[in-house]
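The block underneath contains the structure these notes are about, expressed in structure tokens.
The values are calculated or read from the model by the stated rules, or taken from the named source; none is laboratory data. Note that the structure is predicted; figures quoted are calculated from it, not measured. In this analysis, Cβ positions are derived from the backbone assuming ideal geometry, glycine residues included, and neighbour counts consider all displayed protein chains. Ligands, DNA and RNA are excluded from the accessible area calculation, which covers all protein heavy atoms including side chains. Shrake-Rupley method; radii C 1.70, N 1.55, O 1.52, S 1.80 Å.
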Amino acid sequence: MTNDFFLDYLVASLRLAVPLAYATLGGLYSERSGVLNIALEGMLLTGAFSSSVATFSTGNVWIGVFAALIAGGFVGLIHAFLCVSLYVNQLVSGLAINLVAAGLTSFLARLVFHGGSTQRLPGIEPLIIPSLANLPLIGSLLFQQDILVYLLLILIIFTTYLLFKTSFGLTLRAVGEYPKAADTAGVSVQRVRYLAVVISGCLASLGGAYLSLVQVRYFAEGMSAGKGFIAIAALIFGKWHPLGSALACLLFGATEALQLRIQALGANIPYQFLVMLPYAIALLALLGLAGKSTSPSALGLPYFRENRASK
């Protein structure tokens, strides 16, 4: 009985960490290029809404996932245009996108889903890997998941290799650390940052698609519920490294799974304290890292080419 409870807790922790990890990976690309991405919350919500609408309209979950990618990439493009081309303050741009996404998705959901009522959606079913799925503990944890979980694991490994073992990764990190030096070497800082922020939007939107098509299988207003901000905390806690950030997401996912189980056990604790537990853990994690986690040097700073700056 105890083993079943522990296994169920681990599986729940992993599933709750998945949308956080997609958003964190997205934020990693953007912030490694020097563009602060507070808009992860809006990108998650956009991905959840667009995947829900497309799936509701067509009955095909994969069209829903594709719609989330397109919508998330478009939001990323808007953020890049504001920050990279128009030199808008990156914090202001991200917050504006979050507010617009929250208001627009709520308004459109009431039109599409008949007054805002939740509509049950087709979901992405688990992809069970024969033989491996029967292994003790790790069988249920790793080999009875849906394809978005497997894709996430591949993306974490791929991103680690891409950042630290390829010329593109070196270019991306150079733009985030020393954009002037990268520009002098012939790298288009603007192009790299655009690409990174669009990739960021696509990945974060996959986290939103996971929320609506796997976790709950419907769209609800504001269903991202601050996960984009927890993803930013995980990114800082993981020191802008794919593996470290993914483990931080797993920690926050385990915290959320714990508070849900405490509520289910009927403990005499006000549920408001339990709901705020993941956010409190995120805050404590950031306080513990004060002064120990170094962000990319050019993070949040617009880059002006010398010929422009001299005018």
Count of residues meeting criterion [surrounded by fewer than 21 Cβ atoms within 10 Å (Cβ to Cβ) and over 13 Å from residue 256 (Cβ atoms)] in the range 12-30: 0
Taking the criterion of being part of a helix (DSSP H, G or I), on the phi < 0 side of the Ramachandran plot and open to solvent by less than 40 Å² (accessible area, probe 1.4 Å), would at least one residue in the range 113-132 satisfy it? no
Filtered residues of the range 260-297 (kept if at pLDDT 75 or above, in a helix (DSSP H, G or I), open to solvent by 80 Å² or more (accessible area, probe 1.4 Å) and not aliphatic (A, V, I, L, M)): 279
List the pairs whose first member sits in the range 66-85 and is within 19 Å of residue 34 (Cα to Cα), whose second member is outside any helix (DSSP H, G or I), and whose Cβ atoms are under 6 Å apart, counting only residues at least 6 apart or on separate chains? 79/39; 82/88; 83/35
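In the range 133-182, what count of residues is obtained for those that are of a type in the set (Lys, Arg) and either open to solvent by less than 30 Å² (accessible area, probe 1.4 Å) or touching a strand residue (DSSP E or B) at 6+ places or on another chain (Cβ under 8 Å) (or both)? Steps first, please.
Taking the range 133-182 as the starting set, the residues that turn out to be of a type in the set (Lys, Arg) are 165, 173, 180.
From what is left, the residues that are either open to solvent by less than 30 Å² (accessible area, probe 1.4 Å) or touching a strand residue (DSSP E or B) at 6+ places or on another chain (Cβ under 8 Å) (or both) are none.
Residues that pass the stated criteria total 0.
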Given (1) open to solvent by less than 20 Å² (accessible area, probe 1.4 Å); (2) farther than 21 Å from residue 124 by Cβ, number of the condition residue 43 does not satisfy: (2)
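Test of understanding: among 29, 87, which residue is over 30 Å from residue 254 (Cβ atoms) and not β-branched (Val, Ile, Thr)?
Details: 29 fails: over 30 Å from residue 254 (Cβ atoms).
87 is the lone residue from the list that is over 30 Å from residue 254 (Cβ atoms) and not β-branched (Val, Ile, Thr).
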Qualifying residue in the range 87-99 (condition: at pLDDT 95 or above, under 19 Å from residue 220 (Cβ atoms) and buried (at least 24 other Cβ atoms within 10 Å of the Cβ)): no
Conditions (1) open to solvent by less than 20 Å² (accessible area, probe 1.4 Å); (2) of a type in the set (A, V, I, L, M, F, W, C); (3) in a helix (DSSP H, G or I): number failed by residue 62: (1)
